[in-house]
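Since the structure comes first, as structure tokens, the remarks are kept for the end.
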Amino acid sequence: MSLISQNLQAIHQRIERAVTAAGRAPGSVQLLAVSKTFDAAAVADAVAQGQTAFGENYVQETLDKIATLAASGAPALEWHFIGPLQSNKTRQIAEHVDWVHSVERLKIAQRLSDQRPPQLPPLNICLQVNISGEASKSGTTVQDMPALAAAVAALPRLRLRGLMAIPAPGADVQQQRAAFAQVRVLFENLRAQGLALDTLSMGMSDDLEAAIAEGATIVRIGSAIFGARTYPSPTKEST
Ligand SMILES: *Cc1c(COP(=O)(O)O)cnc(C)c1O
């Protein structure tokens, strides 16, 4: 059994335990395997274990990997772009992925909506929120989120699904939960505002338990599946 398949089994067990501990329904948390910096063979290994949803951070790497996997005859995969997105790269993303988790400005959302090809379903969108103490500088503030969410929800070729956050790493579980709870409260406020949101994208290799306890519906797991990365960290704003 490959290391990736062992790691995937262990992650599924961690997710199940956390879901049970939180008293949530089995299957209520989706595993997004974050394959950035790992090659198409690593993705194919995970696909062979039944993994179908993959997250990527860098535009060119995303496009290359999607093409390689498609050419290899892999089953249909779900691709999520989770990295910083500049306006000159929105078209390629709009044409090739199923989800973008890292939208933080209306201009980017408008471009994605305009550029989403008509034959594809609407692009699924999460808005990235920058909660206090967040390691990354990315994301919209809590204060600005209601207006951004309302504007993005009105765009025709997007489907606004929810929020994404990357809280500061390294904190203890109580601190992690406090950060994720802020995201959940914002999410609930947006729903109360009338937005039909169903997705909380939060939790990574080191804090997925805290995220699931606070209502995560997608956890984004990289190093605990594929191993340590040898180049850019998720908080570096490089593409
Ligand atoms: C790299 C990355 C992840 C995965 O992080 P790990 O700690 O390796 O699980 C998740 N989310 C985002 C936005 C990332 O950039």
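The values are calculated or read from the model by the stated rules, or taken from the named source; none is laboratory data. Worth saying up front: this structure is predicted, and the values here are computed from it rather than measured. Ideal geometry is used to build each Cβ from the backbone, glycine not excepted, and the neighbour counts take in all protein chains shown.
Structure summary
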read-out: Qualifying position, being more than 11 Å from the ligand (Cβ to nearest atom) and at pLDDT below 95, among Thr230, Thr217, Thr235, Thr199; value: Thr230
read-out: Filter result for Gln175 (more than 16 Å from the ligand (Cβ to nearest atom), polar (S, T, N, Q) and at pLDDT 95 or above); value: no
read-out: Residues of the range 23-53 satisfying the condition of being in a loop (DSSP other than H, G, I, E, B) and buried (at least 17 other Cβ atoms within 10 Å of the Cβ); value: Val29, Ser35, Lys36, Thr37, Phe38, Gln49, Gln51
read-out: Residue count for the range 1-36, restricted to those that are within 16 Å of the chain's Cα centre (by Cα) and hydroxyl-bearing (Ser, Thr, Tyr); value: 2
read-out: Gln182 vs. criteria at pLDDT below 95 and away from the ligand (no atom under 16 Å from the Cβ); value: no
read-out: Tabulated pairs, the range 147-166, first in contact (Cβ under 8 Å) with a residue 60 or more places away in the chain and within 16 Å of the ligand (Cβ to nearest atom), second part of a loop (DSSP other than H, G, I, E, B) and β-branched (Val, Ile, Thr), C-beta under 8 angstrom, 6+ apart or interchain; value: Met164/Ile82; Ile166/Thr235
read-out: Single residue of the range 53-76 satisfying the filter (at pLDDT 95 or above and of a type in the set (S, T, N, Q)) that is farthest from the ligand (Cβ to nearest atom); value: Thr68
read-out: Output for the range 169-207, where each listed residue is in a loop (DSSP other than H, G, I, E, B) and surrounded by fewer than 16 Cβ atoms within 10 Å (Cβ to Cβ); value: Pro169, Gly170, Asp172, Gln193, Gly194, Ala196, Asp198, Asp206
read-out: Residue tally, condition within 22 Å of Thr230 (Cβ to Cβ), over 15 Å from the mean Cα position of the chain (by Cα) and not hydroxyl-bearing (Ser, Thr, Tyr), over the range 67-82; value: 1
read-out: Filter result (out of contact with any His (no Cβ under 9 Å at 6 or more places or on another chain) and within 12 Å of the ligand (Cβ to nearest atom)) within the range 84-103; value: Pro84, Leu85, Ser102
